[in-house]
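Working notes, structure below.
Coordinate-derived values only; no laboratory data. Remember, it's a predicted structure, so these values are computed and weren't measured experimentally. Methodologically, a virtual Cβ is constructed for each residue, glycine included, from the backbone with ideal geometry; neighbour enumeration extends over all protein chains shown.
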Amino acid sequence: MTRAKSNREPSAARRGFLRRSLWLMMPLALPALVAPIAARGSRAPSDPGAATIDVRDKGALGDGVHDDTAAFQAAIDALPAAGGTVTVPEGNYMIDAKRSIKLRSNMRLKISSAATLSAIANDSERSWVIKVWRAKNVQIIGGRIVGERVGHRGATGEWGYGISIQASDNVSVTGTHISDCWGDGIWIGGLGRRASVVVSTNVTLDHVISTNNRRQGLSIGPVRGVNVIHSTFSHTHGTKPQAGIDIEPQGQGPARDITFSDCTITGNQGSGLEIHSNVSGVVVKNCRIQDNNGYGVLSVGASQLTISENTITGNGLVGVTISPGTNNVRITGNSLTGNSTRFLRSLVDSIRSMKMSDRAHNLRIAEGAGAVTVSGNTFQP
């Protein structure tokens, strides 16, 4: 596959690693003391001011038939320079994701809980229902976003997004439900490459649900300061990696200071949470990571990682896996129970005779991982 400059896809090397994942049944490495840096929270976007424009005043019908893309954009573009709020009342608004709704700086998109933004079926490999690109102080509140995976007319590509946040600062998404995207429910990342990349900073997802998307519930590329709280990422399936959350900036630029707290990551065909190289300062706390077909949490080359006080249970492969190249990791106070269900089902007779330990099914630390401390966790088969 070719890679666009503004996005990335899973690497062949990463996929190869996952296919060879049974090396993880190797013996545990000895943990070491570490003091990782906590992820930084995000600032709240500034108040956009009193100006308010209703999308229906710009011609949106919300009848589930008419293309309302131009009306949404007209409402956004009509906001004064100082900013304001675009409101979306009850209805089903059809959006051309090849053109996208492009949000601007200093604005709030306030969507009724009874309103849906539905992507019109297309044949494009790459599309976006909502773009937040090169913008500051943006809020998205409420509503539903439904992608076009069901009616998608093409057979290639994996980059159809519900919300795409790139090279933007002080962005929040609150109480929004995203589903059925051809690619990822949400993408947060940067624009440009390597030394010239402009990362997204200070992004918050709060009470967001991203479910039944084709590639990922949430993907994170080059960022600095992402805070994900009280959110759910579930039932991703269709094209690999099929994870609930995937942090994989690769060579585009670094991903730093990312926190997940009080989240649920469940029922994904791939792993619950994947954390790859060029990533540091990730905190996963008080989350429920369960019933994913792959790993609960997989770290491949990340650094400064804290996994604490989570419930990680019923995942198909090992609950928490720390691969070679990962360093400065703290795993503490978690409940790790009933993981490695795929491995156990396929080798149930052998497992019974081997009498493997409860910890062996739930936690793997490779010999090539450095400075890992493990304490206060509960292990059950």
Report summary line: Taking max minus min of the Cα coordinates of segment 12-380 on each principal axis, largest first, gives extents in Å of 69, 39, 33
Query raised in the report: Which entries of 58/131; 98/285; 110/240 show an alpha-carbon separation above 28 angstrom in the structure shown?
Result: 98/285; 110/240
Query raised in the report: If each of residue 114 and residue 82 carries a label point 7 Å out from its Cα toward its Cβ, how far apart are those two points in nm?
Result: 3.3
**Report entry** Candidate aspartates and glutamates for bridging to residue 136, where Cα separation is under 13 Å - those fewer than 8 sequence places away on the same chain excluded
**Finding:** 47, 169
Report summary line: Highest mean packing first, using Cβ neighbours within 10 angstrom, the peptides 223-229, 236-242 sort as 223-229, 236-242
Query raised in the report: Simple spin-label model, 7 Å along Cα-to-Cβ: residue 123 to residue 286 in nm?
Result: 5.0
**Report entry** Other-chain or far-sequence residues with amide H under 5 Å of residue 120's (modelled H)
**Finding:** 95, 96, 97
